[in-house]
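**Q** Quick one: the structure is below, and I'll ask about it shortly.
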Amino acid sequence: MKNIKPLSFLNVRHKAEESSAGLPGLISVAEKAATNILSGEHHQHKPGMGEKFWQYRDYDISDRPQDIDWRQSAKGDRLFVREKEWQTTQTALLWCQHNENMNYHSQDKLPKKQETAIILTLALGILLTRAGEQIAPLDGAALAGRSELSLQKLGEHILEDPTDSLPTGHLRKIPKRSSLFLIGDFLAPLEDIEACFARLAAASENAMVVQILDPAELTLPFSGRIIFEQSDNKAKYPVENAETIRTAYQEKLRRHLDAIKDLCHKYRWNWLLHTTDEDSRKTLFDAWMMMTPDSIHGRGEIL
């Protein structure tokens, strides 16, 4: 057994407690956003939460006619079959990028990508538990559950445990029929993203990717001399005149986003782009709408 110095252990524990100090505030913001979505759904008489999240699938010629859920099918022009196996509680595994690359905002009035990612992850966790799903971190050991403690454990894990730029570390075994929620900036090299998504798609066919970017990362609005700095290795790349590279930069980023969308399309995943100058509640609402039987089978994407 390795010898652990008591002082080192206390320092690690203190840092963990310090990291989690802001968790109640983040959960409060996430709770308000989730409540806003649920109350709006109630007033608009949308389908109840018990009807949400992959409990139905399209009718197939191999299905028996008596398996058709006529009540659900009457809401549109498609036939749905209720998945009997899925009536038991399902597991939603959430991953939130937490590293230096997320500690960016182009203006003081904008939240950092990290703050936005955490709030959206927690709010999704709240919505999922209200819908009867069990939640757990994709890259953590916490037991899946749908209690307040499960949400607390998810938040603590996100704040205390840094990640790589993609969910490629020590991931838990993904249960059959579980759903994945991946929240980050996804600015890693495309070949790394392709390998990561392929590995996850082999384990779960249901996933949602929420890509979070600062608006300046989309448009490069700067002028004059600028210095690009990589957060992970602090490498610096000076550019004498930002205007001279703006068009090429925007085109390269557009191709990157299109490639990610195409990957999600390939695996029949959902994809959302959120910029930090947007209201998080809108993105949360879009994500929630994607969880309805109609849209999840259509596999939407929203810019």
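**Q** The conditions are (1) in contact with a strand residue (DSSP E or B) (Cβ under 9 Å, 6 or more places away or on another chain); (2) surrounded by fewer than 19 Cβ atoms within 10 Å (Cβ to Cβ); (3) closer than 18 Å to Val210 by Cα, and Leu171 fails exactly one of them. Which is it?
**A** Among (1) in contact with a strand residue (DSSP E or B) (Cβ under 9 Å, 6 or more places away or on another chain); (2) surrounded by fewer than 19 Cβ atoms within 10 Å (Cβ to Cβ); (3) closer than 18 Å to Val210 by Cα, Leu171 violates only (3).
**Q** Further question: Can you name the condition, by its number, that Lys153 falls short on among (1) at positive phi; (2) among the basic types (Lys, Arg); (3) not in a loop (DSSP other than H, G, I, E, B)?
**A** Failing condition for Lys153: (1).
**Q** Please give the number of the condition Ser39 fails out of (1) in contact with a Lys or Arg (Cβ under 7 Å, 6 or more places away or on another chain); (2) modelled with pLDDT under 80; (3) assigned to a helix (DSSP H, G or I).
**A** All conditions are met except number (1).
**Q** How about the stretch 187-211: which of its residues are in a helix (DSSP H, G or I), out of contact with any helix residue (DSSP H, G or I) (no Cβ under 7 Å at 6 or more places or on another chain) and surrounded by fewer than 21 Cβ atoms within 10 Å (Cβ to Cβ)?
**A** Just the residues of the stretch 187-211 that are in a helix (DSSP H, G or I), to begin with: 190-201.
Now restrict to residues that are out of contact with any helix residue (DSSP H, G or I) (no Cβ under 7 Å at 6 or more places or on another chain): 191-192, 195-196, 198-201.
Passing the criteria: Glu191, Asp192, Ala195, Cys196, Ala198, Arg199, Ala201.
**Q** Quick check, is Asp277 in a loop (DSSP other than H, G, I, E, B) and modelled with pLDDT of 80 or more?
**A** Values: in a loop (DSSP other than H, G, I, E, B): yes; modelled with pLDDT of 80 or more: yes.
Yes: the conditions hold for Asp277.
**Q** Go through the stretch 174-216 and give me each residue that's over 20 Å from Lys266 (Cβ atoms), out of contact with any strand residue (DSSP E or B) (no Cβ under 8 Å at 6 or more places or on another chain) and either free of Cβ contacts under 8 Å to residues at least 40 places away in the same chain or among the β-branched types (Val, Ile, Thr) (or both).
**A** Result: Lys176, single match.
**Q** Would you say Asp214 is acidic (Asp, Glu) and buried (at least 20 other Cβ atoms within 10 Å of the Cβ)?
**A** It is true that Asp214 is acidic (Asp, Glu) and buried (at least 20 other Cβ atoms within 10 Å of the Cβ).
**Q** Turning to a different aspect of this structure: Working only within the stretch 95-143, note down all residues that are out of contact with any strand residue (DSSP E or B) (no Cβ under 8 Å at 6 or more places or on another chain) and among the hydrophobic types (A, V, I, L, M, F, W, C).
**A** Leu110, Ile119, Leu122, Ala123, Ile126, Leu127, Ala131, Ala141
**Q** Tell me, please, whether a residue that is more than 21 Å from Glu100 (Cα to Cα) and modelled with pLDDT under 90 can be found in the stretch 188-205.
**A** Scanning the stretch 188-205 turns up at least one residue that is more than 21 Å from Glu100 (Cα to Cα) and modelled with pLDDT under 90.
**Q** I would also like to ask the following. Take the residues of the stretch 105-136 that are in a loop (DSSP other than H, G, I, E, B) and among the acidic types (Asp, Glu): which is surrounded by the fewest Cβ atoms within 10 Å (Cβ to Cβ)? I'd like the intermediate steps shown before the answer.
**A** Here is the first cut: in the stretch 105-136, the ones in a loop (DSSP other than H, G, I, E, B) are 105-112, 131-133.
Checking the rest, the ones that are also among the acidic types (Asp, Glu) come to 108, 133.
Details: Asp108: 5, Glu133: 23.
Among those that are in a loop (DSSP other than H, G, I, E, B) and among the acidic types (Asp, Glu), it is Asp108.
**Q** Can you tell me which residue in the stretch 42-56 is modelled with the highest pLDDT, limited to those that are touching a helix residue (DSSP H, G or I) at 6+ places or on another chain (Cβ under 7 Å) and not in a helix (DSSP H, G or I)?
**A** Only one residue tops the list, namely Tyr56.
**Q** Pick from the stretch 217-264 the residues that are part of a helix (DSSP H, G or I) and of a type in the set (A, V, I, L, M): which of them is surrounded by the fewest Cβ atoms within 10 Å (Cβ to Cβ)?
**A** The extreme case among them is Ala248.
The values are calculated or read from the model by the stated rules, or taken from the named source; none is laboratory data. Quick caveat, the model's predicted, so the values are computed rather than measured. Don't worry about glycine lacking a Cβ; one is built from the backbone with ideal geometry, like all the others, and counts go over all protein chains shown.
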